[in-house]
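A.B. asks: Sharing a structure here in structure tokens format.
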Amino acid sequence: MMKERLAEALKKAASEFINRESNRRFMITVTKVGMDRRGTLVDIYVSVFPESGTQGATDFLNRNRDEFKRYIKQHISLRTIPRVRFLADPIIGGMIEPVE
């Protein structure tokens, strides 16, 4: 139960951080959060529209991980701040059909 609450809090914080920091050229949506058993490594999965911006968006987010960690410290009460990786959601990317 605690793990699900932490994942939900991190998902919300990541969404707020992205909304605040992105240049809005792409729509970036946090789709899910995965973590190891101890909660020390967190993978934040995002979808990007248009899909052509996925690599640039994930590169941008990973370059700003330290800033995101500071954001977590300010908004979530945690004993230790986990290591974070931003990844493209592989399921979402494969499901988008081009509009004809």
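The values are calculated or read from the model by the stated rules, or taken from the named source; none is laboratory data. Bear in mind the structure is a predicted one, so any value in this text is a computation, not a measurement. Cβ placement follows ideal geometry from the backbone for every residue including glycine, while neighbour counts extend to all protein chains displayed.
A.B. asks: Those residues that are more than 18 Å from F26 (Cα to Cα) and modelled with pLDDT of 90 or more, I need them from region 81-100; list them, please.
C.D. replies: The answer is I81, P82, R83, V84, R85.
A.B. asks: Which residues, taken from region 33-58, are out of contact with any Lys or Arg (no Cβ under 7 Å at 6 or more places or on another chain), within 13 Å of V84 (Cα to Cα) and charged (D, E, K, R)?
C.D. replies: D36
A.B. asks: Still on this structure, I have one more. I'm told I44 meets every condition in (1) at pLDDT below 95; (2) under 9 Å from the mean Cα position of the chain (by Cα) except one. Can you identify the failing condition by its number?
C.D. replies: Exception for I44: condition (1).
A.B. asks: Is it the case that region 3-24 has a residue that's of a type in the set (F, W, Y) and more than 12 Å from the chain's Cα centre (by Cα)? Reasoning before the result, please.
C.D. replies: Taking region 3-24 first, the residues of a type in the set (F, W, Y) are 17.
From what is left, the residues that are more than 12 Å from the chain's Cα centre (by Cα) are none.
Among the residues of region 3-24, not one is of a type in the set (F, W, Y) and more than 12 Å from the chain's Cα centre (by Cα), which makes the answer no.
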